[in-house]
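Bear in mind that the values in this text are calculations on the coordinates, not laboratory data. Just so you know, these numbers come straight off a predicted model, no measurement behind them. Note that we place each Cβ from the backbone using ideal geometry, even for glycine, and neighbour counts take in every protein chain shown.
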Amino acid sequence: MTARNSLPTPVRVVLRLLAAVAWTVLGLLAYFVCQGMFGGYAQIHSQLLTTLGMIAIALTGGITWIVDERRPHDDE
């Protein structure tokens, strides 16, 4: 039994909900960066938001690639 499975059910539900909210926020940030919605707004620090969005996109792609490479594939 792993440590995560030993958590009470309400705690697991809250953790999954928080993870879903965090992934949704990151996904929206990536979408907004790709659409160029932050371009030219110095008052909201658009360069910083764009940089953070690009980092989030790169990290998501990198983590996905690493996880996929570690998984056994039937076609190999």
The range 9-70 - percent relative contact order, Cα under 8 Å, separation 6 or more: 27
Most to least packed among 56-64, 13-21 [average Cβ atoms within 10 Å]: 56-64, 13-21
Degrees, to the nearest 10: 46-70 long Cα axis against longest axis of the chain: 30
The chain: calculated mean residue ellipticity at 222 nm from DSSP helix runs of at least 4, using -39500 (n - 2.57): -24000 deg cm²/dmol
